[in-house]
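The values are calculated or read from the model by the stated rules, or taken from the named source; none is laboratory data. What you see is a predicted model; the values in this text were computed from it and never measured. Glycine gets a Cβ as well: all are built from the backbone with ideal geometry, and neighbour counts include every protein chain shown. Just the protein is used for accessible areas: all its heavy atoms, side chains included, with ligands, DNA and RNA removed. Shrake-Rupley method; radii C 1.70, N 1.55, O 1.52, S 1.80 Å.
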Amino acid sequence: MIEIEKKIIFHNNSSLHYYISPWDSDIFGYKVLNIDKLICEDDAEDLIFIIEKLENFCKQEDVKVIVWKMESTNSDLISLLQDKEYKYIEMSVVPYINPQLIDERKYMGYCFANVRKAEIKDIRQVKRIARLSFKDDRFHKDSNFENTKADERYSRWVENSFRDGEDIYLITYENNIAGFFILKIYHEEKYAAMRLGCISPEYQGKKLGLNINANIILKLREDGINLLDSPISISNLGIFNLYVSMGFKFKEQKICFHKWLEKSGNVKTLNDVS
């Protein structure tokens with residue numbers, strides 16, 4: 001598992017938590033910085049100070065792009081970022097469900113194709129499906145990212161997840177792997193996160209997404225899991241409508257911004273960045 005080094009900018013009672021993403025930076029060939037958390041008491045001067053200090057750090061470290069996801073209700077921050085040339089990319093929500101409260105009989109009715117866990121022999125094909133299937137994500141929406149590298153990001157995600165022991169469920173149709181979903185389970189918390197999933201383009205429209213999700217939720221029900229969630233782009237109407245039909249509720253509406261930076265010049269060291 002890749003370790004990340006988180007950093008914090010402090011100012012008065014405010015703080016910004018961030019990290020340079022090692023996996024995205026490796027895929028794209030330049031530094032990609034992600035905002036992890038902002039704590040700020042609605043002070044515009046604090047916000048401006050923190051953002052300017054962040055960008056100064058980015059120039060010093062030759063960060064090429066900043067990725068900032070925030071609550072959609074934070075209108076002051078959204079306006080400020082737009083003023084500072086951050087580009088709106090997408091809005092996302094987090095569907096969630098309690099597997100213990102589902103209509104088990106109804107869910108079993110969704111299951112007509114075989115679902116099983118991936119084995120090492122399957123990974124090459126699963127990586128191919130991942131490489132072909134994600135064309136409406138935030139990396140493809142931002143034309144500054146190279147599409148082939150964005151495709152490779154999802155392929156690498158499959159490989160890393162399998163290596164790290166996460167559960168990868170496959171659905172087969174006509175004796176072929178038709179799709180996959182990656183699940184990370186936290187047994188002590190009785191919680192599961194759907195981290196990545198898709199149905200291969202040639203098998204879409206056959207209710208296989210409904211099938212594999214139902215199978216997974218029924219399995220989580222057996223295992224005593226009482227919360228499953230999965231962040232999705234609001235523009236992905238197919239999966240959004242699928243989750244609605246399955247009884248999911250929604251939380252954590254967020255907006256994603258990207259800002260692309262120039263190479264640095266002479267910038268002073270930020271001694272208060274830890």
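Summary of values
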{"quantity": "Inter-residue pairs, beta-carbon under 6 Å, first within 17 Å of residue 222 (Cβ to Cβ) and in region 178-196, second open to solvent by 40 Å² or more (accessible area, probe 1.4 Å) and at pLDDT 95 or above, 6+ apart", "calculated": "190/226; 191/227"}
{"quantity": "Candidates 116, 105, filtered to the one that is more than 18 Å from residue 21 (Cβ to Cβ) and either in contact with a helix residue (DSSP H, G or I) (Cβ under 7 Å, 6 or more places away or on another chain) or part of a helix (DSSP H, G or I) (or both)", "calculated": "105"}
{"quantity": "Single residue of 98, 34, 74 found to be under 30 Å from residue 227 (Cα atoms), of a type outside the set (Lys, Arg) and free of Cβ contacts under 8 Å to residues at least 12 places away in the same chain", "calculated": "74"}
{"quantity": "Candidates 159, 152, 146 - the one that is farther than 21 Å from residue 66 by Cα and among the acidic types (Asp, Glu)", "calculated": "159"}
{"quantity": "Members of region 52-69 found to be of a type in the set (A, V, I, L, M) and outside any helix (DSSP H, G or I), listed by number", "calculated": "63, 65, 66, 67"}
{"quantity": "Positions within region 12-49 being over 24 Å from residue 158 (Cβ atoms), open to solvent by less than 70 Å² (accessible area, probe 1.4 Å) and not acidic (Asp, Glu), in sequence order", "calculated": "14, 15, 16, 17, 18, 33, 35, 38, 40, 44, 47, 48"}
{"quantity": "Listing of strands (runs of 3 or more DSSP E) fully contained in region 155-274 that carry 3 or more residues being surrounded by 17 or more Cβ atoms within 10 Å (Cβ to Cβ)", "calculated": "167-173, 176-186, 191-199, 249-260"}
{"quantity": "Filter pass, residue 135 being charged (D, E, K, R) and open to solvent by 90 Å² or more (accessible area, probe 1.4 Å)", "calculated": "yes"}
{"quantity": "First in region 231-252 and under 16 Å from residue 138 (Cα atoms), second anywhere and open to solvent by 50 Å² or more (accessible area, probe 1.4 Å) and in a loop (DSSP other than H, G, I, E, B), Cβ under 9 Å, 6 or more apart", "calculated": "233/136; 235/136; 236/136"}
